[in-house]
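Below is one structure, written out as structure tokens; comments come after it.
The values are calculated or read from the model by the stated rules, or taken from the named source; none is laboratory data. Owing to the predicted nature of the structure, the values given are computational and were not obtained by experimental measurement. When we count neighbours, we look across all protein chains shown, and the Cβ atoms used for this are built from the backbone with ideal geometry, even at glycine. The protein model used for the area step is the full one, side chains on, heavy atoms only, and it has no ligands, DNA or RNA in it. Shrake-Rupley method; radii C 1.70, N 1.55, O 1.52, S 1.80 Å.
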Amino acid sequence: MDTTVKFYQTDTFTVGNRLLSEAERSVQAGMQRTNALNSGHRACQGCGEALGARFAVDAAMRAAGNDLIACNATGCLEVFSTPYPESSWQVPWVHSLFGNTAAVATGVAAALRVKGKPTRVLAQGGDGGTTDIGFGCLSGMFERNDDVLYICYDNEAYMNTGVQRSSATPPAARTATTMPLGQHHNGNVFGQGKSVPLIAMAHE
């Protein structure tokens, strides 16, 4: 006699999750989850940034009592999540230029403060828009101690424009501009790049 084996997917809203007790269910499966970055975006299959952004913004939403505005630099995350006139974001969302996300978020936070609103502000960008192109605005945000949560999705290169080296690219890494070919080329050189956490701490 054959026995049918049933496989249940757990930790989602599917039937399998209902087989678990409330204590065993993950945040992923909870009704309180905001699902800030919803389905329908155009990220590559298995994109780590899409998953990371969803978890990061969901966590920020929980911490802010679902009262949050997100500012997003130009880059992969912006391109795949908001192709005009569509958006996969389920939160108030502002698109900024590649290099001024920190400044835009600072302006939004200042406007909310003047209006007396408790809404929290989150700024996000890749390592190119954070450690390179947007570094001046980020430094200003650090120096002023603005009330903004800044998230850098450090994928260690300019992924949206062809995988060129950024100042967060690790030593010996292969990118379109640091090729490990030839006698004197070993990928990205050692001793370059920036430690943004140390620089942030240097601003006190």
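Structure summary
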read-out: Per-region count, region 176-190, residues open to solvent by less than 80 Å² (accessible area, probe 1.4 Å) and either out of contact with any strand residue (DSSP E or B) (no Cβ under 9 Å at 6 or more places or on another chain) or of a type in the set (S, T, N, Q) (or both); value: 7
read-out: Single condition ALA200 does not satisfy, out of (1) surrounded by fewer than 13 Cβ atoms within 10 Å (Cβ to Cβ); (2) touching a helix residue (DSSP H, G or I) at 6+ places or on another chain (Cβ under 7 Å); value: (1)
read-out: Single residue of GLY125, GLY187 found to be modelled with pLDDT of 90 or more and not in a helix (DSSP H, G or I); value: GLY125
read-out: Region 153-173, residues that are open to solvent by 50 Å² or more (accessible area, probe 1.4 Å) and either closer than 20 Å to CYS47 by Cβ or free of Cβ contacts under 8 Å to residues at least 12 places away in the same chain (or both); value: ASP154, ASN155, GLU156, MET159, ASN160, THR161, VAL163, GLN164
read-out: Pair list, Cβ < 7 Å and 6+ apart or interchain, from region 40-58 residues that are within 17 Å of PRO83 (Cα to Cα) to residues that are in a loop (DSSP other than H, G, I, E, B) and open to solvent by less than 20 Å² (accessible area, probe 1.4 Å); value: GLY40/SER88; HIS41/SER88
read-out: Failed condition for LEU97, given (1) touching a strand residue (DSSP E or B) at 6+ places or on another chain (Cβ under 7 Å); (2) open to solvent by 10 Å² or more (accessible area, probe 1.4 Å); value: (1)
read-out: Unmet criterion (only one of (1) in contact with a His (Cβ under 8 Å, 6 or more places away or on another chain); (2) open to solvent by 30 Å² or more (accessible area, probe 1.4 Å); (3) not acidic (Asp, Glu)) for TYR84; value: (1)
read-out: Among residues of region 65-77, those that are closer than 22 Å to ARG33 by Cα and either open to solvent by 20 Å² or more (accessible area, probe 1.4 Å) or part of a helix (DSSP H, G or I) (or both), counted; value: 5
read-out: Residues satisfying the stated conditions in region 121-141, i.e. open to solvent by less than 10 Å² (accessible area, probe 1.4 Å) and charged (D, E, K, R); value: ASP127
read-out: Test: residue in region 28-51 that is farther than 30 Å from ARG144 by Cα, touching a His at 6+ places or on another chain (Cβ under 7 Å), surrounded by fewer than 18 Cβ atoms within 10 Å (Cβ to Cβ) and modelled with pLDDT of 90 or more; value: no
read-out: Residue check for ALA168: modelled with pLDDT under 95, aliphatic (A, V, I, L, M) and either part of a strand (DSSP E or B) or in contact with a strand residue (DSSP E or B) (Cβ under 9 Å, 6 or more places away or on another chain) (or both); value: yes
